[in-house]
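The values are calculated or read from the model by the stated rules, or taken from the named source; none is laboratory data. All figures in this text were calculated on a predicted structure; none of them were measured in a lab. We place every Cβ from the backbone using ideal geometry, glycine too, and count neighbours over all the protein chains shown.
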Amino acid sequence: MTMTLMATLLTSSFIAAAGSADTLRDDAISFDVHEADGHRSVLADRPAKAIGMRLPVAVRNDLGFVPRPKVSLRAMDHTELILLGEIEQQDGAPLRYGVTRPIQVEAADGVWIDVPGGRLWQVEVRSMDAENLHIHIENMDLPEGAELRTYAPGAPEAVAGPFTDDGPLNNGDLWSLIQPVDSVIVEYFQPDSVRSNTLPFSLTEVVHGYLPIMKDGLAGGSGNCHNEATCYDDWEDVGDATALVSFGGGYVCSGQLIATSSQNETAYYITANHCISSSSVASSAQFIFRYERLNCTGSNSNGTSAFGSTLIDTHSSSDSTLLRLTGSVPSSAFWVGWTTDTASTNLDVTCVHHPAGDRMKISFGDINSNPVCGPSSGWFGVRWNDGVTEGGSSGSGAYRSSDQKLMGVLTCGSSSCSNTNGLDGYGRFRYAYTTGGFDEYLDIGQPDDDIYDDNDTCATATFFSSAGTYENLVVKSTDEDWYRSERAQWPDRSVRPRLRPRER
């Protein structure tokens, strides 16, 4: 008897955007115009998951009365750190909001508490007077049934986790959520089947934030001339694609999910090359979607995070980088459309971005003929009519306002709330697409999921002939993946194949 395992149940059919056959000429180069339409995830109508078992074990068991040990680091001089960060930006670095600090936490630094089904270990890590904090966890190799969570004191609903096995990236490496406080709780649940006083992970460093990103009321310190993105309903789709990205131990930029012409929901994300251009930095990235003001005038929402990414391609001559998110994309996600059409002078453009690591903002302007950041073959200029950009906005898209299709990503500029007439420079998407090789991924998308594709039907199901763990399976919400196995070979349910989808 055979058992059929269907890894993804959802399927959808889309109409791919057709590229125009018109040939244009720009900078003495003749090219065809290619375009893709933006689209919403097929998961968008799914109800949001209840927080349920994600809540910390200590909260579910009413253990708030138990004293929690703290590991503390001294306060730092924020004025000096801000000055050093500004010097880095002048040299072309992205906006820096924090610095890494090494820590050493042992099992003896925390406290063990007996709970139903096992034991709970807790510790609170503090970097005194930090505007925000997150923790680097390495060497994670949790036993079966064990779980790891992180959250801020007093905010258990903003929990990261539960993480299991070797973490969301399958490499034992994890950064906690950025929390707008100076301490983070680490909670490790050990099941009754495991009795060890050794921690199966290492707490190695923290990022001590000295700029108040993710902080309601202070809102990152961006200027007072910005427009709240959520006040413009026509741009809600682009807002659902936009994500603040934290990376490299204390830096932030902006960026957005970008569609393939086949609309297959591959989690591609485009940002600036000067933000992320290496595999190691890409793997450290945390993407925060829908960090915004609720209902235009309400309180802040700290959004939804996805962890980790893979560097797909990068093109310095247009300051563009294409990533693929490793973590799960929010079900409300939108993928922006794009065009390789010429960014012609006086064309109306719009930018949705996170200035100074602030909540999402929106700016409106026109393309200017003056080159900014580099030669006109690689960049075009924008002058704003309403709103500006700042450090932290780098990597955000310039969209053709008429159809909300991306034409470039932000590299540099002089605009600010004290210089609203300053020019900003955007790397041409057309150049990254035609010369940088982005067309290989975005024109039709990756036709194959993984090494087992094409296994899209029961008739073509992949047969697993031995028990074990199968890594790096790519499962898309628009493409069914089928697997089968002989039940006789796995009489014990505990040793059937474990399927680990790398991408959803």
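Taking V372 as the residue in question, decide whether it is outside any strand (DSSP E or B), aliphatic (A, V, I, L, M) and either within 25 Å of N295 (Cα to Cα) or not assigned by TED's automatic domain parsing to the domain that holds T297 (or both).
For V372, the condition - outside any strand (DSSP E or B), aliphatic (A, V, I, L, M) and either within 25 Å of N295 (Cα to Cα) or not assigned by TED's automatic domain parsing to the domain that holds T297 (or both) - is not met.
Pairing residues of the stretch 406-417 that are free of Cβ contacts under 8 Å to residues at least 12 places away in the same chain and assigned by TED's automatic domain parsing to the domain that holds G255 with residues that are of a type in the set (G, A, S) and surrounded by fewer than 24 Cβ atoms within 10 Å (Cβ to Cβ), at Cβ distances under 8 Å and at least 6 apart in sequence or on separate chains, gives S414/G422.
The residue that is farthest from the chain's Cα centre (by Cα), among those in the stretch 323-339 that are buried (at least 23 other Cβ atoms within 10 Å of the Cβ) and over 15 Å from G38 (Cβ atoms), is L323.
Filter the stretch 289-311 down to the residues that are closer than 30 Å to C373 by Cα and buried (at least 21 other Cβ atoms within 10 Å of the Cβ), then identify the one that is farthest from the chain's Cα centre (by Cα).
Here the answer is E292.
For G387, the test of being touching a Phe, Trp or Tyr at 6+ places or on another chain (Cβ under 8 Å) and surrounded by 21 or more Cβ atoms within 10 Å (Cβ to Cβ) is passed. Mind counting the residues in the stretch 127-137 that are touching a Ser or Thr at 6+ places or on another chain (Cβ under 9 Å) and loosely packed, with under 15 Cβ neighbours inside 10 Å? Residues that pass the stated criteria total 1. Inspection of the stretch 84-99 finds a residue satisfying the criterion of being among the β-branched types (V, I, T), surrounded by 15 or more Cβ atoms within 10 Å (Cβ to Cβ) and either without any contact (Cβ under 8 Å) to a residue 24 or more places away in the chain or outside the structural domain of P355 (by TED's automatic domain parsing) (or both).
There is no residue in the stretch 193-202 that is of a type in the set (V, I, T), more than 24 Å from T304 (Cβ to Cβ) and touching an Asp or Glu at 6+ places or on another chain (Cβ under 7 Å). If the condition is being assigned to a loop (DSSP other than H, G, I, E, B), modelled with pLDDT under 85 and β-branched (V, I, T), then the stretch 33-62 contributes V42, I51. Of the residues making up the stretch 385-413, those that are of a type in the set (S, T, N, Q) and touching a helix residue (DSSP H, G or I) at 6+ places or on another chain (Cβ under 8 Å) are T389, S393, Q404.
Which ones in the stretch 371-396 are aromatic (F, W, Y) and touching a residue at least 60 places away in the same chain (Cβ under 8 Å)? The answer is W379, and nothing else. Answer with yes or no whether P191 is under 19 Å from A58 (Cα atoms), surrounded by fewer than 23 Cβ atoms within 10 Å (Cβ to Cβ), touching a helix residue (DSSP H, G or I) at 6+ places or on another chain (Cβ under 7 Å) and not hydrophobic (A, V, I, L, M, F, W, C). In short, no.
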